[in-house]
1. Regarding the range 3-168, what's the average projected area of the Cα-atom convex hull, expressed in nm²?
2. Given contacts defined as C-alpha pairs under 8 Å and at least six residues apart, what's the relative contact order of the range 153-225, whole-number percent?
3. Test of understanding: in a Gaussian network model of the chain with alpha carbons linked when under 10 Å, which of ILE218, ILE48, ILE204 would top the mean-square fluctuation ranking?
4. If I model a spin label as a point 7 Å beyond the Cα along the Cα-Cβ vector, how far apart are those points for THR75 and SER7 in nm?
5. Given a 10 angstrom Cα cut-off, can you work out which residue in LEU87, LEU149, LEU66 is the most mobile in a GNM of the chain?
6. Please compare each pair in LYS14/LYS242; LYS174/LYS210; LYS14/LYS192; LYS192/LYS242; LYS56/LYS157; LYS42/LYS121 to a cut-off of 27 Å on the Cα-Cα distance and tell me which ones are over it.
7. At a Förster radius of 35 Å, what calculated FRET efficiency corresponds to the Cβ-Cβ distance of TYR109 and GLU26, to the nearest 0.05?
8. As I understand it, the dipole of the chain uses +1 on the Cβ of Lys and Arg and -1 on the Cβ of Asp and Glu, about the Cα centre. Which of LEU59, VAL138, GLY84 lies farthest toward its positive end?
Amino acid sequence: MDDSFKSSIINWLKVHVDAVGVAPVERFCNAPEEHHPSRICKDSESVIVYGRTIPKSILTSPGYNLHLLHRSYHTVYPYLDQLGFDLANRIEAEGYIAVQVPCYAPLVYHGSEPWGILSLKNAAVNAGLGVFGLSGMVYHPRYGSLLRLGAVVTSAKMPGDPLILEEACPPGCKACQTACPAGAFKDGSFQKLACMAYTIRHGIYPLALKDEAGRRHIETIINTAGYNYWLKCDECLKVCPKNHAGNQDTP
Ligand code: B12
């Protein structure tokens, strides 16, 4: 395939997002089977990944930081989901298969761990949008860890974008780990369940998940009633020097 199809897709997307890149499916050869693009899209060849930044100013709001963060997530995720939906339809109209990856729910439970349908962080790294940092999040050279990610997997073959090779974090920086009130970095690496228990709140969880019978239905509860969850913590975002206003490493 020539590059013109990719260019037409990227040019359309660029108007709506802050960063975009393409990862050929070969870059996912070490992904777990459940997180392989071929699991979401038949004949998958490329993963188109895009990100929209949440406004930095939210992090410095003196009184309403978490209220604003909550609203920003529940604004940006439906926005990116809608974009994925439109993009998948555009690609299908050209005769290819295309499936959008949900930005958040539905989640799939693997034991006690919730997984996204595709790992958007790994997809973003493979598409050249950023690199993993100490916090476990993906850092873009300009937007730090504030990009919220979406993707479409397609059977259209497209050239990949170059990977970012530089380190995500400033040398020696451990600001996110030191600030974490959930103790999610106690053993050095990120403990997602510790973060989740501290951070994700929902009015219905204490009732719905209080006994074994409820917990057996956790996937249904989280994917329906739990969708509009509340975030009680964003310390790793707030203390990160990469997320501060004025970080303009890349145009
Ligand atoms: C469940 C979830 C959580 C859980 C668990 C987090 C986790 N690390 O898994 C909790 C509630 C803790 C959480 C917290 C947050 N989250 Co969250 N979360 C998700 C969600 C919905 C699924 C992630 C998942 O599947 N986890 C399961 C594990 C097993 O998967 P994984 O670590 O991604 O991938 C593993 C394997 O599958 C494998 N793998 C997968 N694919 C591939 C491919 C290759 C090539 C290879 C080699 C390996 C590989 O490698 C990994 C290591 O085992 C994603 C959206 C999505 N679909 O990706 C958002 C997502 C990761 N979250 C996001 C955000 C913003 C947050 C918070 C900042 C929210 C907040 N408080 O404000 C915090 C950050 C905490 C932190 N320091 O990381 C963003 C991250 C954006 C970014 N720039 O990095 C995402 C991508 C949502 C989005 N659409 O933008 N989150």
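1. For the range 3-168, the mean projected area of the Cα convex hull comes to 10.2 nm².
2. Relative contact order, the range 153-225: 14 percent.
3. Comparing ILE218, ILE48, ILE204 in a Gaussian network model of the chain, the most mobile one is ILE204.
4. The modelled label-to-label distance comes out at 3.5 nm.
5. Greatest mean-square fluctuation among the candidates belongs to LEU66.
6. Where the Cα-Cα span goes over 27 Å, the pairs concerned are LYS174/LYS210; LYS14/LYS192; LYS56/LYS157.
7. 0.75
8. The residue sitting farthest along the positive end of the dipole is LEU59.
Every number here is computed from the coordinates shown, using simple stated rules; none is lab data. Just so it is clear, the structure is predicted and the values come from calculations on it, not from any experiment. Backbone-built Cβ (ideal geometry, glycine too); neighbour counts: all protein chains shown.
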